[in-house]
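Working notes, beginning with the structure itself.
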Amino acid sequence: MKTVKDFNFKNQKALIRVDFNVPLNDQFEITDTNRIEAAKPTIIKILEDGGCAILMSHLGRPKGKQDEFSLRHIVDKTSEILGVRVKFATDCIGKIAEDAAHALHPGEILLLENLRFYAEEEKGEKNFSKQLASLGDIYVNDAFGTAHRAHASTTIVAEFFPNKKCFGFLLAKEIESINKVFKDGEKPVTAILGGSKVSSKITIIENMLDKVNHLIIGGGMTYTFVKAQGGKIGNSICEDDKQELALEILKKAKAKGVQIHLPVDVVGADSFSNDAKMQIFDVDKIPDGWQGLDAGPKTLALFSEVIAKSRTILWNGPVGVFEMENFSKGTISLGEAIGEATKKGAFSLVGGGDSVAAVKQFGLENQMSYVSTGGGAMLEMLEGKTLPGVAAILE
Ligand code: AMP
């Protein structure tokens, strides 16, 4: 796996796909600069080598050229974060981009205009990719958030750099982290899958069965499993048409020697609201009119015990409706248990959507070994897929 470490960028123009798809407010100010900060180490390494950096990214979902989606809005803040005055090209291909790239000196940074001003970007069009490629000497992909898309700047452009392409630090770290779980993870390996629905996690669950020793299933998915086994789940969320699938998963897990851990008790609510009446129930004895919205105390003790003896931990999905304060305790205490295990030397990866949001919201980010930066991309990795943006560099 080649990374920026494997190249000396002296007098080289690095064409870097970054993910600067940052949130902007009404005044076009960046409200979360994480993505820019995350790309900084890669850019700085290239500049310190004596190279220059040509940054390309998308921003939002423009329909053609729309000024509100122009990357010019982020130039000042990006300059401040990177500590270098960033130049801006008002187009990402053609004469404007070529002239700006040509005029670039070592130590300088150029940001190209929004790639998605051209429909060719998302189509992965070859000629557009070739025009992008003409701007740089070495291609670097550091945009994990779009690595699952076969777009021009994330995938096709790599074809024009047969021996001069590599991963940036950020993308490399994402790949290393997932490999640490799936390939060289110290045993026991435990995956914790929460979230609302079995249907959206089924491919991940199936992939996990070949890779982990323990599988903790929590959140809204619980009730489909419990009902399938004959339990009473009251008004809890359930996908009736997935009951058979749930039983099949349990059977497969047994055959493969994977230990499945499901909740044994829940925090029930008499409505889907933070102000609902609350009561603890056994997971298979939830009365009608009540629904399980969080993991109960016995469940958390059980899950914590499994986590404490794990050496590698993957967490995807909350175990309760963490958006409501009264039903967030399970997710928080699960996060804390993972934090404790991490302190004792386990490797922990949090990835794929809502668990990342939860970890950030509850200030648990620093207690995890790694928190993934790409929602959709991480989900596809968890499903066992090779991302096109990753494959394009490895080829
Ligand atoms: P996902 O995007 O599949 O990871 O699902 C995350 C969502 O699952 C969050 O918005 C949670 O509120 C929701 N969730 C977790 N536990 C439950 C539950 N017991 N009942 C309903 N929704 C839940």
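Of the residues making up the stretch 269-285, just one is closer than 12 Å to Tyr223 by Cα and more than 34 Å from the chain's Cα centre (by Cα), namely Lys285. For the stretch 247-256, check the following and say yes or no: at least one residue is over 15 Å from Thr331 (Cα atoms), touching a residue at least 24 places away in the same chain (Cβ under 8 Å) and assigned to a loop (DSSP other than H, G, I, E, B). For the stretch 247-256, residues over 15 Å from Thr331 (Cα atoms), touching a residue at least 24 places away in the same chain (Cβ under 8 Å) and assigned to a loop (DSSP other than H, G, I, E, B): absent. In the stretch 158-183, of all residues being in a helix (DSSP H, G or I) and polar (S, T, N, Q), the one that is nearest to Lys385 (Cα to Cα) corresponds to Asn179.
Take the conditions modelled with pLDDT under 95 and touching a helix residue (DSSP H, G or I) at 6+ places or on another chain (Cβ under 9 Å) and apply them to Ala97. Does it pass? Outline the logic, then answer.
Values: modelled with pLDDT under 95: no; touching a helix residue (DSSP H, G or I) at 6+ places or on another chain (Cβ under 9 Å): yes.
Against the criterion (modelled with pLDDT under 95 and touching a helix residue (DSSP H, G or I) at 6+ places or on another chain (Cβ under 9 Å)), Ala97 does not qualify.
In summary, Val267 fulfils each of the numbered conditions (1) of a type in the set (Val, Ile, Thr); (2) within 25 Å of Ala357 (Cα to Cα); (3) away from the ligand (no atom under 14 Å from the Cβ) with the single exception of condition (3). Residues that are outside any loop (DSSP other than H, G, I, E, B) and more than 24 Å from Glu174 (Cα to Cα): does the stretch 311-320 have at least one? The answer is no, given that none of the residues of the stretch 311-320 is outside any loop (DSSP other than H, G, I, E, B) and more than 24 Å from Glu174 (Cα to Cα).
Residues that are touching a Gly at 6+ places or on another chain (Cβ under 8 Å): list the helices (runs of 4 or more DSSP H) wholly contained in the stretch 1-110 that include at least 3 such residues. Counting at least 3 such residues, we get 34-49. Scanning the stretch 193-207 for residues being free of Cβ contacts under 8 Å to residues at least 60 places away in the same chain and either more than 10 Å from the ligand (Cβ to nearest atom) or outside any loop (DSSP other than H, G, I, E, B) (or both) gives a total of 3. On the given criteria, is Lys126 out of contact with any Ser or Thr (no Cβ under 8 Å at 6 or more places or on another chain), under 20 Å from Lys164 (Cβ atoms) and surrounded by fewer than 20 Cβ atoms within 10 Å (Cβ to Cβ)? Spelling it out, Lys126 is indeed out of contact with any Ser or Thr (no Cβ under 8 Å at 6 or more places or on another chain), under 20 Å from Lys164 (Cβ atoms) and surrounded by fewer than 20 Cβ atoms within 10 Å (Cβ to Cβ). Here Val319 meets each of (1) among the hydrophobic types (A, V, I, L, M, F, W, C); (2) within 16 Å of the ligand (Cβ to nearest atom); (3) over 29 Å from Asn235 (Cβ atoms) with one exception, condition (3).
If you go through the stretch 218-235 one residue at a time, how many are aliphatic (A, V, I, L, M) and in contact with a Pro (Cβ under 9 Å, 6 or more places away or on another chain)? The number of residues fulfilling the criteria is 1.
Applying the criterion of being at pLDDT 95 or above and of a type in the set (A, V, I, L, M, F, W, C) to the residues of the stretch 36-52, the residue that is nearest to Glu80 (Cα to Cα) is Ile36.
The values are calculated or read from the model by the stated rules, or taken from the named source; none is laboratory data. Remember, predicted model here, so these are calculated numbers, not experimental data. Methodologically, a virtual Cβ is constructed for each residue, glycine included, from the backbone with ideal geometry; neighbour enumeration extends over all protein chains shown.
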